[in-house]
Amino acid sequence: MSTDPAGSAKSLRAITLDRTGGFTLLELIVVMALIGIVFFFAIPRFEDAPFFDDAKKSGRWLIGKLQALREESLRTRRQQSLHIDLETGRVWNTAEGMNPEEVDRAVQRAQLLPGGGRIVSVEYAGRGRVAAGRAEIRFYRDGHSEKVLIHLRHGEAFSSFLLEPFLSQVKVFDTLVGFEDLR
């Protein structure tokens with residue numbers, strides 16, 4: 001039996017040098033197969049998700065705008081309003097305390113919804129549906145809003161967006177619904 005410390009260091013070095021090349025081909029194939037199996041089961045679940053395809057771009061933008069106005073009303077402690085011209089399909093927002101020139105500029109900067117969608121009506125709880133002219137959705141200083149259903153058309157498909165007064169999330173329906181349908 002050898003007690004040479006240099007000899008044992010050489011044998012350890014020889015063992016560790018064998019595994020410095022990375023993963024074996026078999027290990028890589030097994031990992032790729034597992035990833036493939038996970039995607040095989042996961043992708044079909046996302047195909048029907050309401051925000052997955054590009055046709056829902058208008059809905060994503062609308063939800064983002066509603067949440068941003070709610071947060072802005074809380075942050076600034078000023079009422080924020082989202083204005084919708086149902087005739088032209090243009091949308092703009094104003095804030096409490098804006099002077100007439102600022103309001104005029106906001107109206108001039110009104111934009112169409114991205115993605116080709118169009119708001120066709122706004123339904124208020126207790127006040128009914130507005131399908132022509134202009135509609136206004138208010139976000140008050142404490143962050144709450146009016147209870148509103150916003151109806152969006154994209155091509156032949158309709159979506160409805162429920163804005164609850166004290167909830168931060170917007171509920172999405174993949175069909176045209178009214179308050180009578182929610183009871």
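The values are calculated or read from the model by the stated rules, or taken from the named source; none is laboratory data. What you are looking at is a predicted structure, and each value in this text was computed from that prediction instead of being measured. Cβ atoms come from the backbone with ideal geometry, glycine included; neighbour counts cover every protein chain shown.
For residues that are assigned to a helix (DSSP H, G or I) and surrounded by 11 or more Cβ atoms within 10 Å (Cβ to Cβ), scanning just the range 32-61, find the one that is modelled with the lowest pLDDT. Give the steps one after another, and end with the answer.
Looking only at the range 32-61, we keep the residues that are assigned to a helix (DSSP H, G or I), and these are 32-47, 54-61.
Narrowing the set further to residues that are surrounded by 11 or more Cβ atoms within 10 Å (Cβ to Cβ) leaves 55-61.
Values: Ala55: 57, Lys56: 78, Lys57: 85, Ser58: 87, Gly59: 88, Arg60: 88, Trp61: 90.
Within the range 32-61, the match that is modelled with the lowest pLDDT is Ala55.
Take Leu162 and decide whether it is in a loop (DSSP other than H, G, I, E, B), more than 19 Å from Arg90 (Cα to Cα), within 18 Å of the chain's Cα centre (by Cα) and not polar (S, T, N, Q).
It is false that Leu162 is in a loop (DSSP other than H, G, I, E, B), more than 19 Å from Arg90 (Cα to Cα), within 18 Å of the chain's Cα centre (by Cα) and not polar (S, T, N, Q).
Among the residues of the range 113-128, which ones are loosely packed, with under 14 Cβ neighbours inside 10 Å and either aliphatic (A, V, I, L, M) or more than 23 Å from the chain's Cα centre (by Cα) (or both)?
Scanning the range 113-128 gives Gly126, Arg127, Gly128.
Between a first residue in the range 93-114 that is farther than 21 Å from Gly64 by Cα and a second residue that is charged (D, E, K, R) and in a loop (DSSP other than H, G, I, E, B), which pairs have beta carbons less than 7 Å apart while being 6 or more apart in sequence or on different chains?
Cβ pairs passing all conditions: Gly97/Arg78.
May I ask you to list the residues in the range 129-183 that are aromatic (Phe, Trp, Tyr) and loosely packed, with under 13 Cβ neighbours inside 10 Å?
Residues of the range 129-183 that are aromatic (Phe, Trp, Tyr), as a first pass: 139-140, 158, 161, 166, 173, 179.
Phe166 - this is the single residue of the range 129-183 that is aromatic (Phe, Trp, Tyr) and loosely packed, with under 13 Cβ neighbours inside 10 Å.
If we only count strands (runs of 3 or more DSSP E) wholly inside the range 90-150, which ones have 3 or more residues that are small (Gly, Ala, Ser)?
Numbers: elements: 90-95, 118-124, 128-130, 134-139.
Those strands (runs of 3 or more DSSP E) do not exist here; none qualify.
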